[in-house]
Amino acid sequence: MPSVPLRRRLFLLAAGALVPLALVSGIGLYLLTTQQRVQVERVSLEFTRAVATAVDAELRSSISVLEAFATTLTLEGKERATSHEQARRVVGTQPTWAGMSLTDSAGTRVADTRYPPGANLPPIAERESLDQVMRTGAPAIGSLARSARGPLLFAVRVPVRRGAALQYVLSASVRPEEIRDVITRQQVPPDWVVSIFDQRGQRVARSRAHEESLGGPASPSLQALLARDVTEGGGPTYTLEGERIYTPYVRLAPSGWTAALGLPAAVVEGAVYRSLALYGGGLLLSVRLGTL
């Protein structure tokens with residue numbers, strides 16, 4: 001048998017011990033980084049669900065105020081003027097409401113707190129949600145529309161029934177600042193961005209540059225992500241400012257609105273990179289020492 005140098009034998013012995021260890025450690029490192037990425041994505045989706053729940057609760061609160069007032073509404077005779085004054089008082093208790101209006105079953109607006117009784121009223125700015133209430137008999141949330149007086153508002157509408165018949169639709173015109181305040185209360189980090197979109201894809205509120213982006217569409221990458229026919233999901237997108245982010249989103253039912261969270265890519269990838277640096281660096285150091 002030819003003789004084998006001792007140095008080669010020691011090298012083969014070290015390699016035989018380290019190579020399988022390196023392979024198994026590499027597989028474990030890959031699984032660990034994948035798990036950490038999934039964990040960050042899951043936590044961000046849960047936070048987005050919390051934001052969506054807070055927005056939905058705010059919308060339902062407006063619906064409850066309207067429904068409570070609808071039960072006391074007097075629509076006949078001279079008492080209609082009294083109801084108009086009562087409606088103005090209700091609007092005064094809601095800081096983000098621009099006004100309250102009443103539409104009959106024919107789709108004609110018959111009263112509006114922003115105008116005196118008997119005044120000629122401008123046409124309805126957004127009719128989809130009005131038609132939805134008349135068709136379903138259930139409350140509805142409208143999309144952003146520009147009012148006759150200029151600002152962008154969205155409508156919260158409830159049916160007004162007398163007996164079994166739907167006679168009127170009572171609507172509140174709400175400023176988008178109501179939704180922006182909900183986002184502000186979530187206290188998201190300044191490098192995160194939260195956006196709320198209506199059923200048309202118009203931005204109702206944004207945690208960053210709210211006024212500048214109000215009423216605009218999502219970024220093209222986010223539009224492609226939201227085009228998926230699922231209630232929630234996520235994926236990589238870019239902000240309006242061009243930053244690369246990870247975006248989980250949740251659709252609100254039954255309004256059809258969407259809450260989207262923009263998480264900086266560094267937050268998602270930071271844990272992965274730290275694991276690679278720690279475990280991968282340790283593995284490479286072990287291999288080098290064994291080779292030495």
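The values are calculated or read from the model by the stated rules, or taken from the named source; none is laboratory data. Since the model is a prediction, treat every value here as computed from it, not as a measurement. Neighbour counts are summed over all protein chains in view; Cβ atoms, including those assigned to glycine, are modelled from backbone coordinates with ideal geometry. Surface accessibility is based on the protein's heavy atoms, side chains included, excluding ligands, DNA and RNA. Shrake-Rupley method; radii C 1.70, N 1.55, O 1.52, S 1.80 Å.
Quick one: is E46 under 30 Å from L261 (Cα atoms), part of a helix (DSSP H, G or I), of a type in the set (D, E) and open to solvent by 60 Å² or more (accessible area, probe 1.4 Å)? Yes: the conditions hold for E46. Quick check: anything in the range 272-288 at pLDDT below 95, within 18 Å of the chain's Cα centre (by Cα), closer than 24 Å to V38 by Cα and open to solvent by 30 Å² or more (accessible area, probe 1.4 Å)? Looking through the range 272-288, none of the residues is at pLDDT below 95, within 18 Å of the chain's Cα centre (by Cα), closer than 24 Å to V38 by Cα and open to solvent by 30 Å² or more (accessible area, probe 1.4 Å). Selection of the range 88-120 for residues being small (G, A, S), open to solvent by less than 20 Å² (accessible area, probe 1.4 Å) and modelled with pLDDT of 90 or more yields G99, S101. Comparison of R206, R185, R175, R228 shows that the only residue that is open to solvent by 60 Å² or more (accessible area, probe 1.4 Å) and without any contact (Cβ under 8 Å) to a residue 60 or more places away in the chain is R228.
Note on the range 121-143: among residues that are among the polar types (S, T, N, Q) and surrounded by 16 or more Cβ atoms within 10 Å (Cβ to Cβ), the one that is nearest to W257 (Cα to Cα) is S143.
Against the test of being over 20 Å from A205 (Cβ atoms) and among the basic types (K, R), the options R157, R162 yield a single qualifying residue, R162. Given the criteria polar (S, T, N, Q), outside any loop (DSSP other than H, G, I, E, B) and touching a Gly at 6+ places or on another chain (Cβ under 8 Å), does T247 qualify? In short, yes. Scan the range 5-15 and tell me whether some residue there is of a type in the set (D, E, K, R), more than 25 Å from V287 (Cα to Cα) and modelled with pLDDT of 80 or more. No; the residues of the range 5-15 include none that is of a type in the set (D, E, K, R), more than 25 Å from V287 (Cα to Cα) and modelled with pLDDT of 80 or more.
Evaluated against (1) closer than 30 Å to A111 by Cα; (2) open to solvent by 60 Å² or more (accessible area, probe 1.4 Å); (3) touching a residue at least 24 places away in the same chain (Cβ under 8 Å), F197 falls short on exactly one condition, (2). Of all residues in the range 222-240, those satisfying the criterion of being in a loop (DSSP other than H, G, I, E, B) and among the charged types (D, E, K, R) are R228, D229. The residues of the range 202-236 that are over 20 Å from G150 (Cα atoms) and among the acidic types (D, E), listed by number, are D229, E232. Please go through the range 9-27 and give me each residue that is touching a residue at least 24 places away in the same chain (Cβ under 8 Å) and loosely packed, with under 13 Cβ neighbours inside 10 Å, ordered by number. Across the range 9-27, the qualifying residue is only A17.
Looking only at the range 209-223, filter to residues that are without any contact (Cβ under 8 Å) to a residue 40 or more places away in the chain and closer than 19 Å to S44 by Cβ; which one of those is nearest to the chain's Cα centre (by Cα)? Out of the qualifying residues, it is L222. Looking only at the range 89-127, residues that are closer than 23 Å to E58 by Cβ, of a type in the set (D, E, K, R) and touching a residue at least 24 places away in the same chain (Cβ under 8 Å) come to 2 in all.
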